[in-house]
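The values are calculated or read from the model by the stated rules, or taken from the named source; none is laboratory data. Small disclaimer: the values here were computed from a predicted structure and weren't measured. Cβ placement follows ideal geometry from the backbone for every residue including glycine, while neighbour counts extend to all protein chains displayed. Heavy atoms of the whole protein, side chains included, go into the accessibility calculation; ligands, DNA and RNA do not. Shrake-Rupley method; radii C 1.70, N 1.55, O 1.52, S 1.80 Å.
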Amino acid sequence: MSTTQSERLRELLAPLVSARELELEEVEVTPAGKRRVLRIVVDSDAGVQLDTCAELSRDVSDLLDETDAMGGAPYVLEVTSPGADRPLTQHRHYVRATGRLIKAQLTEGGELVARIIAVDEDGLDLEVPGVKGRKPTARRLAFAEIAKARVEIEFNRKADEKAAVESAGEQSGIQDEIQEEA
């Protein structure tokens, strides 16, 4: 698919997606045998519900039927959210992942697994888990130091740890509101 066609699809679909208060993350067309797959990835700060994807899929299908954006060849339409282990590529992705464990490949080599505590314009405040019973340590990581990052899925996170991180995030939000009012 040419860049021009991809841009046309994005321009066509963006107003429809934003009308549902979602962000258009990705538009991808890939061959699949005699058909093509049009995959549309959407996201929002509150996440994306299955019903929202289904409703958007119907609206996108109707819009594509009215236009010739996909041409006459058959295609399969998929509307989805990025998934739990999505790559973190933009500032808003890191903000949404606050409180989550990430694995970052560093530009100077090596990997770092840590929990995002806070995000600002320059980088991340992280909590690096302690090894062999040691306490976690704080670390600052600039965006320029990150080659790639992705959320790590946790199956055994303790409920009290999760509540403490959520509480810290709420406190941070309260402090931001206080500073804005001052």
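Just to be sure, is Gly47 part of a loop (DSSP other than H, G, I, E, B) and open to solvent by 70 Å² or more (accessible area, probe 1.4 Å)? Spelling it out, it is not the case that Gly47 is part of a loop (DSSP other than H, G, I, E, B) and open to solvent by 70 Å² or more (accessible area, probe 1.4 Å). Quick one: would you say Ser18 is of a type in the set (Gly, Ala, Ser), open to solvent by less than 50 Å² (accessible area, probe 1.4 Å), assigned to a helix (DSSP H, G or I) and farther than 30 Å from Glu145 by Cβ? Answer is no for this residue.
How many of the residues making up region 108-131 are open to solvent by 80 Å² or more (accessible area, probe 1.4 Å) and either assigned to a loop (DSSP other than H, G, I, E, B) or within 22 Å of Glu25 (Cα to Cα) (or both)? Qualifying residue count for the region: 4. Pairs meeting the criteria (first residue in region 60-86 and more than 17 Å from Arg20 (Cβ to Cβ) and open to solvent by less than 40 Å² (accessible area, probe 1.4 Å), second residue part of a strand (DSSP E or B) and of a type in the set (A, V, I, L, M, F, W, C), beta carbons under 7 Å, at least 6 apart or on different chains) are Met70/Leu38; Arg86/Val151. The lone criterion from (1) at pLDDT 90 or above; (2) more than 20 Å from the chain's Cα centre (by Cα) left unmet by Ile40 is number (2).
Exactly one residue out of Arg140, Arg150, Arg134 is among the charged types (D, E, K, R), free of Cβ contacts under 8 Å to residues at least 40 places away in the same chain, in a strand (DSSP E or B) and open to solvent by 70 Å² or more (accessible area, probe 1.4 Å), and it is Arg140. Within region 68-122, the set of residues being in contact with a Lys or Arg (Cβ under 8 Å, 6 or more places away or on another chain) and basic (Lys, Arg) comprises Arg86, Arg100, Lys103, Arg115. Apart from one condition, Gln105 fits all of (1) open to solvent by less than 70 Å² (accessible area, probe 1.4 Å); (2) touching a residue at least 40 places away in the same chain (Cβ under 8 Å); (3) touching an Asp or Glu at 6+ places or on another chain (Cβ under 8 Å); the exception is (1).
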